[in-house]
């Protein structure tokens with residue numbers, strides 16, 4: 001169940017910005033980028049074939065094989081950037097840049113470089129036209145349709161500027177006998193951008209649908225966990241109620257009857273002593289049962305404050321043990337973390353039980369004090385006391401108390417001497 005809660009806590013924000021391309025799913029981008037670069041390599045291969053075997057004018061091949069090598073290096077660098085260099089760039093930029101700003105910048109630089117290649121390869125009838133059109137793939141996929149339209153218009157303007165100034169320029173055949181070819185050439189980038197935008201929108205919708213499905217699954221797991229936890233709490237409450245109403249009440253009635261029997265049997269010393277021991281054993285058993293009831297259904301799970309919970313515990317202890325216990329609360333009561341309140345409850349329970357078992361005390365004082373950043377609990381008795389040095393390790397009860405306090409970063413102070421009673425003081429931090 002805890003894994004499900006962690007999964008939910010890491011869930012994505014369902015309120016997504018309407019700008020399309022800038023927020024495409026990361027999984028979609030990772031899956032599509034290799035395909036886009038593969039298309040670019042295919043366009044470069046077309047340029048290679050045209051340079052090697054095409055019947056091209058001298059103006060279109062006079063810088064070969066320099067331009068072919070330059071475009072190969074350019075395409076290779078762009079392809080290797082994503083798996084090798086991009087993680088380092090993203091770490092260096094940090095949260096200042098958008099999630100795809102570097103890829104958009106890379107695409108624009110790539111396009112500008114290709115348009116320069118078009119210029120030096122003669123402009124019209126260049127073997128790098130398809131390679132130039134393929135430079136639209138990555139930025140058109142990353143940008144929303146409005147920005148992609150601006151990108152396409154910029155490409156048209158730059159391409160017309162290139163063929164107007166490179167090679168034969170305005171005297172070239174693209175204004176006369178090849179004018180019809182120019183219209184077809186300009187339609188190609190338009191089709192590329194439209195198809196890539198459709199692919200981008202489709203990828204984004206699939207990613208969002210998968211996110212919603214994951215969130216729905218995580219929510220179902222969380223609700224199932226809550227239902228199971230609620231059912232477990234109800235079952236623990238039922239068991240605790242049955243123990244309280246059944247076993248605990250039976251033991252309590254047994255101890256009362258044993259006390260009455262011990263009073264009647266005072267004339268028989270041995271029988272009286274034996275019944276007295278049975279009374280003590282019954283009351284210790286009742287205290288242990290109360291411990292188990294708390295394990296099943298902590299009193300602190302309700303809305304009662306810590307002082308009210310401790311007071312209720314003291315009243316129950318006095319009823320079972322017949323020992324007077326005085327409670328003093330100091331400072332303004334504050335809401336404490338559940339772990340702190342639960343530990344103080346158990347520590348008070350353990351300390352009172354130890355007094356009943358071992359101290360032979362006639363009265364007990366409990367002092368609960370609240371401060372700004374801590375809460376302390378002190379249990380004092382007027383019993384027979386003990387040597388703190390000889391009890392440095394302590395029994396199971398003291399070991400449990402020290403362990404609880406240590407886990408919460410608190411402190412334990414034990415003061416006692418033979419014949420002078422004992423004091424146990426616990427201080428716990430209450431900062432959230």
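Couple of notes before you dig in:
- Sorted peptide list for 199-206, 51-58, criterion being average Cβ within 10 angstrom, highest first: 199-206, 51-58
- Of the peptides 186-194, 40-48, the ranking by mean beta-carbon count within 10 Å, highest at the top, reads 40-48, 186-194.
- Extension reserve of the residue 387-residue 307 stretch, reckoned as 0.36 nm per residue once the Cα distance is removed: 25.7 nm
- Whole-angstrom gap from the stretch 77-147 to the stretch 204-224, using each part's C-alpha centre: 33
- Sorting 419-425, 329-335 by average packing, meaning the other beta carbons within 10 Å per residue, from highest down gives 419-425, 329-335.
- Inter-probe distance in nm under a simple model that places probes 7 Å from Cα toward Cβ, at residue 62 and residue 318: 11.0
- Segment residue 77-residue 326, length gained on full extension (0.36 nm per residue, minus Cα span): 81.6 nm
- Ranking of 389, 178 by count of other Cβ atoms within 10 Å, fewest first: 389, 178
- Annotation for residue 179 and residue 374: the two label points, set 7 Å from Cα along the Cα-Cβ direction, are 9.4 nm apart.
- Put in order of Cβ neighbour count within 10 Å, fewest first, the listed residues 234, 208 become 234, 208.
- Each residue, residue 427 and residue 109, gets one label point 7 Å from its Cα in the Cβ direction; the gap between the two is 6.1 nm.
- Estimated FRET transfer efficiency (residue 101, residue 49; beta-carbon r; R0 51 Å; 0.05): 0.90
- The calculated FRET efficiency for residue 335 paired with residue 38, based on their beta-carbon distance and R0 = 51 Å, is about 0.25.
- Potential lengthening of the chain between residue 234 and residue 420 amounts to 62.4 nm, from the contour at 0.36 nm per residue minus the alpha-carbon distance.
- Applying 1/(1 + (r/R0)^6) with r as the Cβ-Cβ distance of residue 408 and residue 358 and R0 = 41 angstrom yields a FRET efficiency of 0.95.
- Annotation: for a label point projected 7 angstrom from Cα along Cα→Cβ of residue 70, residues of the stretch 122-155 with backbone N closer than 20 Å are 122-136, 155.
Just so you know, all these numbers are worked out from the coordinates, no wet-lab data involved. Quick caveat: nothing in here was measured; it's all calculated off a predicted structure. Counting neighbours? That spans all protein chains shown, and the Cβs are built from the backbone with ideal geometry, glycine included.
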